[in-house]
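First the structure, in the form of structure tokens, and then the observations on it.
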Amino acid sequence: MKRIGIADTTFARYDMAKSAVDELQSNATGFKVLRYTVPGIKDLPVACKKLFEEQDCDIVMALGMPGPKPVDKQCAHEASTGLIQTQLMCTKHIIEVFVYEDEARDGKELAWLADRRAREHSLNVIDLLFHPENLARKAGKGLREGFEDAGPVR
Amino acid sequence: MKRIGIADTTFARYDMAKSAVDELQSNATGFKVLRYTVPGIKDLPVACKKLFEEQDCDIVMALGMPGPKPVDKQCAHEASTGLIQTQLMCTKHIIEVFVYEDEARDGKELAWLADRRAREHSLNVIDLLFHPENLARKAGKGLREGFEDAGPVR
Amino acid sequence: MKRIGIADTTFARYDMAKSAVDELQSNATGFKVLRYTVPGIKDLPVACKKLFEEQDCDIVMALGMPGPKPVDKQCAHEASTGLIQTQLMCTKHIIEVFVYEDEARDGKELAWLADRRAREHSLNVIDLLFHPENLARKAGKGLREGFEDAGPVR
Amino acid sequence: MKRIGIADTTFARYDMAKSAVDELQSNATGFKVLRYTVPGIKDLPVACKKLFEEQDCDIVMALGMPGPKPVDKQCAHEASTGLIQTQLMCTKHIIEVFVYEDEARDGKELAWLADRRAREHSLNVIDLLFHPENLARKAGKGLREGFEDAGPVR
Amino acid sequence: MKRIGIADTTFARYDMAKSAVDELQSNATGFKVLRYTVPGIKDLPVACKKLFEEQDCDIVMALGMPGPKPVDKQCAHEASTGLIQTQLMCTKHIIEVFVYEDEARDGKELAWLADRRAREHSLNVIDLLFHPENLARKAGKGLREGFEDAGPVR
């Protein structure tokens, strides 16, 4: 039984964890989900470390939605740096699912994007955990999570 | 008996620790507060580490008020990076409560914002320590500490 | 038998791993290649750590293609920082082969550049692993991987 | 007998260590000063680590004067990041005393500022080492080292 | 017998290691030089760590010449951050000798600058290793490596 951690925030304006859990459960079995909600994205690195060390997770999804201001992007940068550091300390993957508020034209598109990116990254989590050979087959294909794929060059 | 550390600075222009302690004591019991004041925000990471290791704290609030100049924002970035690193070394939460001087229109609003953000984050500390399920219920709700909540999209 | 890890992404728009493996096999023997594909460049640091620790690699190539937006460059910076940290934790080389989409005028040049940079860095990997004295002979020569060499000053 | 380390540079254009030592000795007893001079500010983090580990210091002052160019500010950022990391590795305070050349209008003011900031931070060092309760009394008072205090809001 | 490591790159457009070795040998005895050449500056941190751990060096010079593009400056920042981290992991000095291509007006000046900075930092290495008291005497003197000294203020 694999253990998938989901760390998310009260700051985010969309419940991406719900989309992630739904997608995970629609596409795989043999795992258990452990949720952990923190206030903001800068609280995510230690939340993920706790999910690895105190909840024995095999992989974690870190869901966040940085605001549109320069200070928000700074926070996202600090959070991402901490998430990479956490992965290196634990030698386990954290799939970062960040949706920037200014990636979308309006609230409707933002909700669509958050749902879709969370779902597409859930499939990455399943592949990393159960079918790594699937990712190898898609290497260099210009895949994107959320908006449409860029595709391979030419 | 839980131990809540509060690290703050002489640089800040408002005594956020007073607000934090008042809010903590008005909303919970079963904890003890340990104060530690340092000169500036870049001294906060090691102050928090000392609160964890030498004072045996379970969680720490790091209170700071970066100035409005570019070098102040650089300091805030360095402090935040160090606070995340400290959390990962100790596997415990530090709730960063930073109020930027240029977030407010004037001194009066700055004082209001500092008080309010410190209080709202104190409630997060109580939830993380005693009622983590409360945060899970508020995941993705677009909560903000200080100014009003952004709310969920659409 | 040396073990060369190749970590790459599904985000990249060109299969640089294919070029790298072809070049390695055309120029050296006595090694085995271990592939590991992850979604994006920020997943590369822990992928490389896993290749070192779980697959016992002696050196790793980290192949990535950051997009043209500011957030993509931020991701590349975070990934590079993590790759350096990984090397220091493992005391082994990771040869970073990043091709920025906006380095090339069009898709055709981007494909050419990705292929060529992957191949030229494969030769660096062979030298680091089997013939470090070759690199010492080329110290200060203004070599470039991909576009033409800058050459020594004057 | 406490041990106070002072790390400084040949790059700085003012001998801040002299000011610091004078101020320390005018205001406290029961300590010994250990000097260590390095070329530039990026050499300070490991100098401080050596003062902690090889000279058994209880606290260190890191004195530096970054130049006015963008690359100098980048160096200051890297040095500060390293100084925070050092503190976290040793769980001891480093009081960073950096004076930026472009903070002052001319050489005369720069000398005044360097002397004054070094002296005021020396008092912080004494408080951290011998009278931490003094700092707690000044929390949130808007204190500044060098130029005049900002004071509390309103 | 002290061991001085010299890590350099094939990317640099001038053989600074030659200048450094010549200057070291003209000014001191009782040491052995160990060369290690890598492709680019981001490969320097782990090269230095290997020189410390696998070649038992007492100090290392890291020689590099970042290009003039923004991405090159980003690389230099990442490399510098890694070099500081390496020093903290090993508690030994790495003297970073970076010459930016755009510091010089033309190739001739660039070659002059690279040679001179490498030589002047070689003297710093000798002082750190054999005569630390020489550096203490020059504290706060506004020394520069390469171009002329700024000198003390006023």
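Only the coordinates and a few stated rules stand behind these numbers; no lab work does. All values reported here derive from a predicted model rather than from experimental measurement. Please note: Cβ atoms are built from the backbone with ideal geometry, for glycine as well, and neighbour counts cover all protein chains shown.
Can you sort C:TYR100, E:TYR36 so the residue with the fewest Cβ neighbours within 10 Å comes first? Don't jump to the answer; show the numbers that get you there.
Working: C:TYR100 17, E:TYR36 25.
Arranged by neighbour count, lowest to highest, C:TYR100, E:TYR36 become C:TYR100, E:TYR36.
Among E:ARG117, E:ARG144, E:ARG105, the largest mean-square fluctuation in a Gaussian network model of chain E (Cα springs under 10 Å) belongs to E:ARG105. When the pairs C:LYS32/C:LYS138; D:LYS92/E:LYS92; A:LYS42/B:LYS138 are compared against a 22 Å limit on Cα-Cα distance, C:LYS32/C:LYS138 fall above it.
Charges at C-beta only: +1 for Lys and Arg, -1 for Asp and Glu. How large is the resulting dipole of chain C about its Cα centre, in Debye rounded to 20? Numbers along the way, then the final one.
Numbers: 22 positive and 24 negative charges, 45 e Å.
Roughly 220 debye for chain C.
Using the Cβ-Cβ distance between B:LYS108 and B:ASN27 with R0 = 30 Å, the FRET efficiency computed as 1/(1 + (r/R0)^6) comes to roughly 0.70. If a spin label sat at a point 7 angstrom from the Cα of D:ASP56 along the line to its beta carbon, the backbone N atoms of the range D:7-47 nearer than 20 Å would be those of D:7, D:29-36, D:47. In summary, the aspartates and glutamates within cross-link reach of E:LYS108, defined as a Cα separation below 19 angstrom excluding same-chain residues under 8 places away, comprise C:ASP149, E:ASP15, E:GLU120, E:GLU145, E:GLU148.
The GNM of chain E, with springs linking C-alpha atoms under 10 angstrom apart, assigns the highest mean-square fluctuation among E:ALA104, E:ALA114, E:ALA62 to E:ALA104. Relative to the other identical copies, E:ASP149 shows label-point distances of 3.9, 3.9, 6.4, 6.4 nm, where the label point lies 7 Å from Cα along the Cβ direction and values run shortest first. Karplus-based coupling profile of the range D:50-60, in residue order and whole Hz: 5, 5, 5, 8, 9, 10, 6, 5, 8, 7, 9, with θ = phi - 60° in 6.51 cos²θ - 1.76 cosθ + 1.60 and x standing for Gly or Pro. Over the Cα atoms of the range E:2-137, the radius of gyration divided by the Kirkwood radius equals 0.95; this is the Rg/Rh ratio. Comment: the Cα-to-Cβ extended label point of A:ASP56, at 7 Å, lies 2.8, 2.8, 4.5, 4.5 nm from its counterparts in the other copies, nearest first.
Ranking of B:PHE98, A:PHE147 by neighbouring Cβ atoms within 10 Å, starting from the fewest: A:PHE147, B:PHE98. Placing a label point 7 Å from Cα along the Cα-to-Cβ direction at D:LYS18 gives distances to the equivalent points in the other copies of 4.3, 4.3, 6.9, 6.9 nm, listed shortest first.
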